[in-house]
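Okay, so here's the structure we're looking at.
The values are calculated or read from the model by the stated rules, or taken from the named source; none is laboratory data. What you see is a predicted model; the values in this text were computed from it and never measured. In this analysis, Cβ positions are derived from the backbone assuming ideal geometry, glycine residues included, and neighbour counts consider all displayed protein chains. Surface accessibility is based on the protein's heavy atoms, side chains included, excluding ligands, DNA and RNA. Shrake-Rupley method; radii C 1.70, N 1.55, O 1.52, S 1.80 Å.
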Amino acid sequence: MSAEPTSFERDVKPLFREGDRDAMSWAFDLWSHDDVSEHADAILGAVENGSMPCDGRWEAERIQTFRRWLEGGKAT
Ligand code: HEM
């Protein structure tokens, strides 16, 4: 059996803190599947290059979870 596909609601949304959502609400809603899907490449780029979040970069494992979700087809 293959593993469950990475899910936005279960795996990706919990990566974003309430403060991340508030800080970024001018650009997109980090708790919205549709918004994060639309901006997924920019979001991946920002967490990979360490520019976002502004207060400390993500562990590699978190970045992998986001990348798997994106490359797996952005399931809800
Ligand atoms: C994981 C959490 C976060 C993600 C994925 C994220 C993602 C992004 C992305 C993709 C942009 C470029 C948006 C655009 O130009 O359309 C951006 C810009 C920005 N973000 Fe965040 N952000 C996060 C958390 C935060 C936090 C915690 C702050 C702190 C206040 C912050 C402050 C800003 C600011 C000031 C900009 C505009 C200037 C810049 O690009 O550096 N973000 N962010």
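Within the listed set Ala60, Ala46, Ala23, the residue fluctuating most in the Gaussian network model of the chain (springs between alpha-carbon atoms under 10 angstrom) is Ala60. Think of each Lys and Arg Cβ as +1 and each Asp and Glu Cβ as -1; about the Cα centre, that makes the dipole of the chain roughly 180 debye. The stretch between Gln64 and Trp26 holds 11.1 nm of extra length on full extension. This uses 0.36 nm per residue minus the Cα-Cα distance. Averaged per residue, the chain has 65 square angstrom of accessible surface, using a 1.4 angstrom probe with ligands and nucleic acids left out. When all alpha-carbon pairs of the chain are counted, what percent fall beyond 20 Å? Value for the chain: 22 percent of Cα pairs lie more than 20 Å apart.
Axis of helix 60-71 versus longest Cα principal axis of the chain: the two differ by about 60°, to the nearest ten degrees. Taking every DSSP helix (H) stretch of at least 4 residues in the chain, weighting each as -39,500 (n - 2.57) and dividing the sum by the residue count yields a mean residue ellipticity at 222 nm of -13000 deg cm²/dmol.
For the stretch 8-71, relative contact order (Cα pairs under 8 Å, six or more residues apart, normalised by length) works out to 30 percent.
The HN-Hα couplings worked out from phi for the stretch 22-38 by the Karplus form 6.51 cos²θ - 1.76 cosθ + 1.60 (θ = phi - 60°) are 4, 5, 9, 5, 5, 9, 6, 9, 5, 9, 10, 4, 5, 5, 5, 4, 5 Hz, whole numbers, x standing for Gly and Pro. For helix 40-49, what angle does its Cα long axis make with the longest principal axis of the chain, in degrees from 0 to 90 and rounded to 10? Between helix and principal axis, roughly 70 degrees.
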